[in-house]
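All of the numbers you see were taken from the coordinates with simple rules; none came from a lab. It should be emphasised that the depicted structure is a prediction, and the values quoted were computed from it without experimental measurement. Positions of Cβ are backbone-derived with ideal geometry, glycine not excepted, and every protein chain shown enters the neighbour counts.
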Amino acid sequence: MQNNYSLPPFKMKVIEPIHLISKEDRIKKLKEAGYNPFQLRSDDVFIDLLTDSGTGAMSHFQWGALMIGDESYAGSSSFFRLEKVVKEITGYRYIIPAHQGRGAEQVVIPLLVKHPGMVFISNIHFDTTRAHVEMAGARAIDSVCKECFDIHQYYPFKGNFDLELLEKIIQKYHKENVAGIIMTITNNSAGGQPVSLENMKAVAKIAKNNNIPLLIDGARYAENSYFIKLREEAYKNKSVREIALETFDLADIFLMSSKKDGLVNIGGLIAIKNDVAFFQQCQTRIVPMEGFPTYGGLAGRDMDALAVGLNEALEEEYLQYRLDEVRFLGDLLRDAGVPIQYPAGGHAIFVDCKEMCPNIPYDQFPAQAVCNELYLEGGIRAVEIGSLLLGRDPDTMENIKADAEFMRLTIPRRTYTQEHLRYVAMCVIKVFERRSAIKGVKFVYESPILRHFTAKFEPVE
Ligand code: F0G
């Protein structure tokens, strides 16, 4: 294992106790939760790797900023502080806060759907983005590069678009029917894999030639920018801020779940490069959906914490440590032979449970079964990103088979230490060693939409 992981550029000031409940209690709690980690209480979880969304730790500068939050309904000074920071980072003219990423999506996406039969194209749509596309009456089509699912093969930008396929999709549906192209950076569902600037520039050219609006779904744009600095020769001497600016310059609209690279527990953003008419349409919609345009569902203090967090997330010392902590966990697992999406992504390690448990059929959800084993092993909560998440085909009602059955070990920002991650690796390796004994799960209860949150299961005998 390489030993060049950078140290955390911070120390602890406030701590939150965590406890590992007994094995007997874990067995009982998982059963009560219907073998679905989403249904566990956090008190029964020792290390929570369900998501990196809103689960990070704020700095003392952010906690300090909370105190200057201006809770005025309209024209809050907190908004103007946030607006200034977002304008500096993106170079965009119009900024509207939202309560989180999906709040931004519900405002923007329907405005782009002009008639029936439209499609959005993304490298891979995140689930809520896909849901908003579909709720707006359009179709969500993915065009990710072929290297993406070749998990053992190193490729520096596995989040990239397949450019040929993108052009084919545009031709197939005709450019007038493409409501938007969405660049998801980093590409969450592919394993937090980055997208190169070269690839994004090519996508932007295609969008421009076809007169299609270009959006950035940039929940993890800072991690993506740092990957570019590390891996794209032409950018190695540029600062992360310069790379981010260049990225934003390609697109028309930026949507952000600020719960990731905003380093806050709640928040979202809509930023529009220069289309004032579109901005006004968003302002009109945001009022009934999220709130007045200068707070968009956030408290004044949330906006101040975000203004500070956005700048902290672009500090290169922090980003180096951030990518290193994820790589550290990935290296421990790879060295033990656990199949993971390689190289490590920016926010999570994705374990390939199809390869790990080839005996479990896709509709008995191998990754869900492995997540359950990991909880029993060490009180660790991970999340399934596979066929359970995908749901059923609306026409045939069959379970859709995912390209990959991943267990995502998602690392909250500035929250866990290397000791915690070593423990996680040890538990995953123990589960891996007894993989042939792991059984799939079957539904006891299944909700018609977003089933993974509320489903109840029992182990298959
Ligand atoms: N876009 C991406 C790429 C995301 O990863 C998420 C959320 C959203 C949009 C929606 O943002 O949660 O603030 O409404 N991802 C979280 C996750 C939930 O666990 O990956 P939100």
Just how large is the dipole of the stretch 60-312 about the Cα centre, in debye to the nearest 20, putting +1 at every Lys and Arg Cβ and -1 at every Asp and Glu Cβ?
-> 280 debye
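If each residue's Cβ is checked for other Cβ atoms within 10 Å, how do Met397, Met183 rank with the fewest at the top? Show your work: numbers first, answer last.
Details: Met397 7, Met183 28.
If I rank by nearby Cβ atoms, fewest first, I get Met397, Met183.
Of the peptides 168-179, 307-318, how do they stack up when ordered by the mean number of other Cβ atoms within 10 Å, highest first?
Details: 168-179: 16.0, 307-318: 20.0.
Descending mean neighbour count gives 307-318, 168-179.
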Rounded to the nearest 5, the percent of antiparallel DSSP beta bridges in the chain equals 60 percent
Restricting to lysines and to Cα separations under 24 Å from Lys13, and discarding same-chain partners fewer than 8 apart, the set is Lys259, Lys260
All aspartates and glutamates inside 16 Å of Lys158 as judged from Cα atoms, apart from same-chain residues fewer than 8 positions distant = Asp142, Glu147, Asp150, Glu198, Glu223, Glu232, Asp352, Asp403
Once the in-chain neighbours fewer than 8 apart are removed, the lysines whose Cα is under 23 Å from Lys114 read Lys168, Lys172, Lys175, Lys205, Lys208, Lys273
In whole Hz, with x marking every Gly and Pro, tabulate ³J(HN,Hα) for the stretch 368-380 from phi via Karplus 6.51 cos²θ - 1.76 cosθ + 1.60, θ = phi - 60°.
-> 5, 4, 5, 4, 4, 4, 5, 5, 5, 5, x, x, 9
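By counting other Cβ atoms within 10 Å of each Cβ, how are Thr410, Thr128 ranked from fewest to most? Could you put the intermediate results ahead of the total?
Working: Thr410 23, Thr128 18.
By the 10 Å Cβ count, ascending, the order reads Thr128, Thr410.
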Under a Cβ-Cβ cut-off of 15 Å, what is the net charge of the residues other than Ala402 that fall near it, where Lys and Arg count +1 and Asp and Glu count -1?
-> -4
Going by average Cβ neighbours within 10 Å, how do the peptides 7-15, 77-85 rank, with the highest at the top?
-> 77-85, 7-15
Cα centroid of the stretch 18-76 to Cα centroid of the stretch 230-244, whole Å | 33 Å
Per principal axis, descending, Cα span of the stretch 60-312 in whole Å | 50, 44, 28
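Considering only DSSP beta bridges where both residues belong to the stretch 60-312, give the percentage that are antiparallel (nearest 5).
Antiparallel bridges make up about 45 percent of those DSSP assigns within the stretch 60-312.
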Spacing of the two label points (7 Å from each Cα toward its C-beta) at Lys168 and Arg231, in nm | 2.4 nm
For the chain, what's the relative contact order in percent, using C-alpha pairs closer than 8 Å and at least 6 residues apart?
-> 23 percent
Taking the dipole of the chain about the Cα centre (Lys, Arg +1; Asp, Glu -1; charges at Cβ), the one of Ala437, Gly192, Gly117 that reaches farthest to the positive side is Gly117
